[in-house]
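Notes follow once the structure below has been shown.
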Amino acid sequence: MIGPDGGPPDGLARFLEVEAGGAFDWGGRDCWLLPADWIRCRHGRDPAAAWRGRYRTALGAARLIRRGGGPVEFADASLAACGWIRSRRVRRGQVGLIPAVIHGPRGACADLIGAIALGGGWWAARPIGAGLMLGPAVPVAAWRPK
């Protein structure tokens, strides 16, 4: 694997290489846990510590997020607990919420999913029902370590 500058891979590249091998799994490998797992791996603090293992379905995740005030508020609280703050300028390795179209039994809907900034407007995310995906996006909110 080659890193973002053409040299050896950095920690994020290695992390994503491992994550690319896993399938989507609610409460295990999902769109909210991908950035939480990255922060835990890289910085040793788990923004999902308060809610990890508390859901196993889409409905369970939705209830947890709704009780947290919605996606942005839920992420704010979870990330603040491990020392991360909102960021206006996004850099590689930071995390954010990006818009995604979710396809389900009742049709498609727009939603926000957790993602990791790759740089240059590109993000890594694990959309519902998919493996790891990379693509351009404009975040609704982004966070960085203090």
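The values are calculated or read from the model by the stated rules, or taken from the named source; none is laboratory data. Keep in mind that this is a model prediction, so the values were computed, not measured. Quick reminder, even Gly has a Cβ in these numbers, built from the backbone with ideal geometry, and neighbours come from all protein chains shown.
Would you confirm whether or not the stretch 106-128 contains a residue that is in contact with a helix residue (DSSP H, G or I) (Cβ under 6 Å, 6 or more places away or on another chain) and of a type in the set (D, E, K, R)?
Among the residues of the stretch 106-128, at least one is in contact with a helix residue (DSSP H, G or I) (Cβ under 6 Å, 6 or more places away or on another chain) and of a type in the set (D, E, K, R), which makes the answer yes.
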### Query
When you go through GLY44, GLY107, GLY60 one by one, which is the residue that is touching a Lys or Arg at 6+ places or on another chain (Cβ under 8 Å) and at pLDDT below 95?
GLY60
